[in-house]
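Undergrad: Shown below is the structure under consideration.
Where a number appears in this text, it was derived from the coordinates with a stated rule and is not lab data. Computed from a predicted model, the values in this text were never measured in an experiment. Virtual Cβ from ideal backbone geometry, glycine too; neighbours counted across all protein chains shown.
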Amino acid sequence: MRASMIARLAAVVGIAVFTGGAQFSCTDSNGDLPGRDIDSGDGPTFSTTVFVRDSSGAAASSFRGADLISFELSVRNRTNRSVTLTLDGPPVSDYVVFDDHTSHVRWQWSFDKDFPASVQPLVFEAYETKVFKVTWDQVLADGAMLPRGNYEVRGVIPFAGFAANPLASNELGSNLVGFTVR
């Protein structure tokens, strides 16, 4: 009898784990990702912040259509020891633009890029800050221009679960920062 109960419990746990994982890897019919769980950027080991800048490098939050937008990701090791991250390969950083206050992805920097498969270490010395930058011309994956509107960007060092939900809470992902295209 005890073995039967343990087998049933194992089956229930297996089903719960399977369906819970499926929830986080699915999108709805609009292409939206699951929940905006975005309490990120400030953990016990890393502090991660994304900055939005114009073509001259100045902080900016408003752009005209086709203006260049620079995203700068700052990641700081908050500890007094060296920390090594083992990445599954490039990219070392990634950036995702969402429609304002939604989980609908408009653009992801790594989306149309080919990277070699490799495992690579990323070493942060004690209290070290690393900065990663990309510049975007507001062209979407389909070749269209980003329409006028309000958007949010998130910068990350890709972490486990990021591919399934780029809004998942993690200290290697920044909080969202808003900007407008007018």
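Undergrad: Multiply the residue gap between T86 and M145 by 0.36 nm, knock off their C-alpha separation, and tell me the result in nm, one decimal place. Kindly include the intermediate steps, with their values, before the conclusion.
TA: Numbers: separation 59, 0.36 × 59 = 21.24 nm, distance 3.52 nm.
Full extension of this stretch gives 17.7 nm more.
Undergrad: Taking 7 Å along the Cα-to-C-beta vector as the label spot, tell me the A163-D114 distance in nanometres, rounded to one decimal.
TA: Distance between the two pseudo-spin positions: 1.7 nm.
Undergrad: A further question on this structure: Pulled fully out, how much extra length does the chain show between D137 and N175, if you take 0.36 nm times their separation in residues and subtract their Cα-Cα distance? Walk me through the intermediate numbers first.
TA: Values: separation 38, 0.36 × 38 = 13.68 nm, distance 2.22 nm.
Roughly 11.5 nm would be gained on extension.
Undergrad: For A60, list long-range residues whose amide hydrogen, built 1.01 Å from N in the peptide plane, is under 5 Å from its own amide hydrogen.
TA: V52, R53, D54
Undergrad: Still on this structure, I have one more. Just want the ordering: V75, V83, V119, V181, from fewest to most Cβ atoms lying within 10 Å of their own Cβ.
TA: Ascending number of Cβ neighbours within 10 Å: V119, V83, V181, V75.
Undergrad: Points 7 angstrom from Cα along the Cβ direction at D67 and S47: gap in nanometres?
TA: Spacing of the two 7 Å Cα→Cβ label points: 2.8 nm.
Undergrad: If you keep only loop residues by DSSP, which trypsin sites (Lys or Arg not before Pro) in the range 36-88 have at most 13 other Cβ atoms within 10 Å of their Cβ? It would help to have the intermediate numbers written out before the result.
TA: Working: sites: R36, R53, R64, R76, R78, R81; in loops: R36, R64, R78, R81.
The qualifying sites are R64, R81.
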